[in-house]
Amino acid sequence: VEHWTPPFRVTTIVPRLGGGLAGAGDNGFLTLDPQANLYDVFGHPEHGVTGNRFNDGGVDRTGCFWVGSMDDAETQLSGHIYRVEGDHSWVTVDSGFHVPNGPAFSPDGQAAYLADSPKGVIYRYTLEPDGSVLDREDFVRLSPDQGFPDGMATDANGCVWVAFWDGGCIRCFNPDGAQLRQIDLPVSRPTSCAFGGPDLDQLFITSARIGISASDLEREPDAGSLLVVQPGVH
């Protein structure tokens with residue numbers, strides 16, 4: 001296992017077709033090569049906005065990088081969703097988020113899924129072929145006792161796999177929003193998931209330890225670990 005300590009907080013990273021990574025962090029949107037200690041910032045749509053930071057991100061089928069911002073104190077609905085183009089320009093996709101997580105994209109590129117975790121809602125955006133947004137609708141709404149929808153991934157069938165913070169599980173929803181499966185985990189705060197492995201049939205799941213009491217950590221020693229399951233889909 002290799003690790004790097006960046007010069008500022010980086011909240012999301014994705015691979016670039018041309019090599020290295022793209023990301024977002026305290027200093028803005030950036031390209032980075034951690035092994036070479038290169039962190040090149042190319043823009044910041046919220047420069048001067050007090051209290052906000054970037055959060056999760058993902059790449060759509062056209063290669064654009066979607067990134068969400070949020071109030072670091074999690075009190076204001078000041079979050080935005082941005083879509084960063086290959087030429088490093090960006091547009092605002094949506095606003096008014098509390099804590100945005102995701103996105104994930106349908107295999108046909110016609111839909112994007114994004115959670116606003118404290119609201120207990122996952123939105124579905126209908127997309128044009130170029131990735132621009134046509135419409136937004138509720139995909140799934142959940143009660144707090146089910147946990148809070150966090151990071152997510154889609155499978156080859158177009159189903160959406162969602163990590164549930166304080167839900168201790170991954171849930172799978174079909175494209176109509178019906179729950180198909182639930183995978184219970186040995187951690188209460190899974191944070192995101194992604195398909196990987198040589199055959200893309202392994203679901204890698206990140207988790208958190210933050211905010212969990214010492215007594216609870218004794219009951220879930222794997223909190224904060226990277227987990228992997230084989231759900232039977234690619």
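The values are calculated or read from the model by the stated rules, or taken from the named source; none is laboratory data. Since the model is a prediction, treat every value here as computed from it, not as a measurement. Backbone-built Cβ (ideal geometry, glycine too); neighbour counts: all protein chains shown. SASA here: full protein model, heavy atoms, side chains in, ligands and nucleic acids out. Shrake-Rupley method; radii C 1.70, N 1.55, O 1.52, S 1.80 Å.
Tell me which of these P118 doesn't satisfy, since it passes every other one: (1) closer than 19 Å to S188 by Cα; (2) in a strand (DSSP E or B); (3) over 13 Å from the mean Cα position of the chain (by Cα). P118 satisfies all of (1) closer than 19 Å to S188 by Cα; (2) in a strand (DSSP E or B); (3) over 13 Å from the mean Cα position of the chain (by Cα) except (2).
Kindly provide the set of residues from the stretch 74-88 that are surrounded by fewer than 20 Cβ atoms within 10 Å (Cβ to Cβ), under 16 Å from G63 (Cα atoms) and either touching a helix residue (DSSP H, G or I) at 6+ places or on another chain (Cβ under 6 Å) or touching a residue at least 12 places away in the same chain (Cβ under 8 Å) (or both), ordered by number. Step through it out loud before you land on a result.
Just the residues of the stretch 74-88 that are surrounded by fewer than 20 Cβ atoms within 10 Å (Cβ to Cβ), to begin with: 74-78, 85-88.
Now drop any that are not under 16 Å from G63 (Cα atoms), which leaves 85-88.
Answer for the stretch 74-88, where residues must be surrounded by fewer than 20 Cβ atoms within 10 Å (Cβ to Cβ), under 16 Å from G63 (Cα atoms) and either touching a helix residue (DSSP H, G or I) at 6+ places or on another chain (Cβ under 6 Å) or touching a residue at least 12 places away in the same chain (Cβ under 8 Å) (or both): E85, G86, H88.
Which of the residues that make up the stretch 54-71 are surrounded by 15 or more Cβ atoms within 10 Å (Cβ to Cβ) and in a loop (DSSP other than H, G, I, E, B)? If the condition is that a residue be surrounded by 15 or more Cβ atoms within 10 Å (Cβ to Cβ) and in a loop (DSSP other than H, G, I, E, B), then D60, R61, T62, C64 are the ones that fit. Selection of the stretch 206-234 for residues being touching a Leu at 6+ places or on another chain (Cβ under 8 Å), over 14 Å from D166 (Cα atoms), touching a residue at least 40 places away in the same chain (Cβ under 8 Å) and open to solvent by less than 90 Å² (accessible area, probe 1.4 Å) yields L227, V229, P231. Screening V91, V49 for residues that are without any contact (Cβ under 8 Å) to a residue 60 or more places away in the chain, among the aliphatic types (A, V, I, L, M) and surrounded by 14 or more Cβ atoms within 10 Å (Cβ to Cβ) leaves exactly one candidate, V91. In the stretch 110-123, the condition of being closer than 25 Å to L217 by Cα, touching a His at 6+ places or on another chain (Cβ under 8 Å) and either in contact (Cβ under 8 Å) with a residue 40 or more places away in the chain or open to solvent by 60 Å² or more (accessible area, probe 1.4 Å) (or both) is met by at least one residue.
Limited to the stretch 195-205, what total is found for residues that are out of contact with any Cys (no Cβ under 9 Å at 6 or more places or on another chain), assigned to a strand (DSSP E or B) and open to solvent by 30 Å² or more (accessible area, probe 1.4 Å)? Please lay out each step first, then the result.
Looking only at the stretch 195-205, we keep the residues that are out of contact with any Cys (no Cβ under 9 Å at 6 or more places or on another chain), and these are 195-202.
Then keep just the ones that are assigned to a strand (DSSP E or B); that gives 195-196, 202.
Checking the rest, the ones that are also open to solvent by 30 Å² or more (accessible area, probe 1.4 Å) come to 195, 202.
Final tally of qualifying residues: 2.
Taken over the stretch 167-188, residues that are open to solvent by less than 40 Å² (accessible area, probe 1.4 Å) and of a type outside the set (S, T, Y) amount to 12.
Of the numbered criteria (1) surrounded by fewer than 24 Cβ atoms within 10 Å (Cβ to Cβ); (2) touching a Phe, Trp or Tyr at 6+ places or on another chain (Cβ under 7 Å); (3) under 23 Å from S132 (Cβ atoms), the one G96 fails is (2). Of the strands (runs of 3 or more DSSP E) lying entirely inside the stretch 1-49, those containing at least 1 residues that are within 19 Å of the chain's Cα centre (by Cα) span 10-15, 21-25, 28-33.
If I filter the stretch 158-167 for residues that are assigned to a loop (DSSP other than H, G, I, E, B) and more than 22 Å from W66 (Cβ to Cβ), do I get at least one hit?
Going residue by residue through the stretch 158-167, those that are assigned to a loop (DSSP other than H, G, I, E, B) are 158-159, 166-167.
Filter once more, keeping what is more than 22 Å from W66 (Cβ to Cβ): 166-167.
Yes, the stretch 158-167 has at least one match.
Of the candidates S192, S143, S132, the single residue that is modelled with pLDDT under 95 and either surrounded by 20 or more Cβ atoms within 10 Å (Cβ to Cβ) or out of contact with any Lys or Arg (no Cβ under 7 Å at 6 or more places or on another chain) (or both) is S132.
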